[in-house]
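*Asks:* One structure is given below, represented as structure tokens, and several questions about it will come after.
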Amino acid sequence: MLQLGENLTKGLGAGANPDVGRQAAIEDRDKLAEVLDDVDLLFITAGMGGGTGTGAAPVIAQLAKEKGVLTVAVVTRHLNSKARSGVMQLNRGLTNWRKSSIP
């Protein structure tokens, strides 16, 4: 198991902030890369509209893409993403996913 962004979040999560989620994944990019070294197929499940799923999952997907790992992602919309800020985060998260996806 790997806790993302331990130094950044002190184990408290991303607080529904995608920027914190993204920075947490970037903080542990080397550890994530090591975990992916022997992986051929990666399944990512994430909730869009919050912090970790919206922010960290696209970073992980991009790293997997760089390493040539076939990646399947299943993402959901959080119930609280109906609020304007949640919808904006959701859309930004999906845009980031598209950057790491095969067209």
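Throughout, read-outs are computed from the coordinates displayed, never taken from laboratory work. Fair warning: this is a prediction, and the values are worked out from it, not measured in the lab. Cβ coordinates were reconstructed from backbone atoms using ideal geometry, including for glycine residues, and neighbour counts include every protein chain displayed.
*Asks:* Relative to the longest principal axis of the C-alpha atoms of the chain, give the angle of the C-alpha long axis of helix 84-99, reported between 0 and 90° and rounded to the nearest 10°.
*Replies:* Once rounded, the angle reads 20 degrees.
*Asks:* What distance in nm separates the two pseudo spin-label positions at D40 and I26, each 7 Å out from Cα along the beta-carbon direction?
*Replies:* That separation, rounded to one decimal, is 3.4 nm.
*Asks:* What relative contact order, as a whole-number percentage, does region 6-99 give when Cα pairs under 8 Å and 6 or more residues apart are counted?
*Replies:* Taking the mean separation of contacting Cα pairs over the length of region 6-99, I get 31 percent.
*Asks:* From the backbone phi of region 3-14, what are the Karplus-calculated ³J(HN,Hα) couplings (6.51 cos²θ - 1.76 cosθ + 1.60, θ = phi - 60°) in whole Hz, Gly and Pro given as x?
*Replies:* 8, 6, x, 4, 5, 6, 9, 6, x, 9, x, 8
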